[in-house]
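Take a look at the structure set out below.
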Amino acid sequence: MHTAWYRNFQRDIDHCLPMQCSLCDQSCRPSSPDHLCALCRLALPLNTHACEHCALPPDGEEPRHLQSQRTDYANPICAACLSKPLADRALVPLLHAGPAAHLVHRLKFSKGEIEGLTLAQTMLTHVNMLPSAEHPDLLIPVPMAYWPAVRRGFNQSMALASHIAQALKLTVAADLLTRRRGPAQHTLSRARRQQLAAGSFQWRGQRATRRLQGAHVAVIDDVLTTGATAREIIKILRFQGAARVEIWCATRTPNPQA
Ligand SMILES: [Zn+2]
Ligand SMILES: [Zn+2]
């Protein structure tokens, strides 16, 4: 059994030991929860002044979508979300570009545990700016289809949700939805993604339906691109009784036409 002084000693040792930055591999100290050195942290492309409901940045390909009368950019809303908001709130701290895209790629295709910690911590920094009363009751990671999940042995959305749930003491509900097998999302055009997203998720949380009644939930994914996947899942969760559905992702593709 570890005594208190041993735990403090271990913590102090951990704090002093050099660690590797998840982007440049340089040693950096003191220990940082996001595993980044100061320079790489500054190099991350922040998604600032993004649409409150879909996290689309204002200075991307479609600036005309922003409410032109707003000058303070507090809670900007894009034109598409004025008529049909994607989610009650979208929290996406980074643009999918440069070092942020590299972190996502490493997380997804190389089971990058440290990269997952970096992205989850960046999401947490964003979430921690909210009052704790606004935290969701449940985190729902976007599921993978069965065989791709077996083959890859890793679901990046689940990895992000686990880190966030641990830090905020929230519950992860990973067994409410299943996903039908289809082509890999990153290989598809926007039109094809939207076409295939319809009907690709199925509700299987019959026993959890009562738990979802009136609940505040956040859907967790690595990248928010066209919003087709998020829209499909949000539609199901609302139908099952969720009162408030948010989407929390690590990065946002600035040009969703791609
Ligand atoms: Zn670095
Ligand atoms: Zn929007």
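Considering only the other residues whose Cβ falls under 15 Å of the Cβ of G153, what net charge follows from Lys and Arg at +1 and Asp and Glu at -1?
Residues near G153 contribute +3 overall.
For every other residue with a beta carbon closer than 13 angstrom to the beta carbon of R180, add +1 if it is Lys or Arg and -1 if Asp or Glu, then tell me the sum.
Cβ neighbours under 13 Å give a net charge of +2.
If you add up the charges near H96, with Lys and Arg at +1 and Asp and Glu at -1, over every other residue whose beta carbon is less than 13 angstrom from its beta carbon, what do you get?
Net of charged neighbours comes to 0.
Would you mind calculating the gained length between A38 and V172 on full extension (0.36 nm times residue separation, minus the Cα-Cα distance), in nm to one decimal?
Here the segment from A38 to V172 would lengthen by 45.1 nm.
Quick one: order M129, M144 by neighbouring beta-carbon count within 10 Å, fewest to most.
Listed from fewest to most nearby Cβ atoms, that is M129, M144.
Every read-out reported here was derived from the displayed coordinates using simple, explicitly stated rules and does not represent laboratory data. Please read these numbers as outputs of a predicted model, since none were measured by experiment. Here the Cβ is made from the backbone with ideal geometry for all residues, glycine too, and neighbour counts use every protein chain on show.
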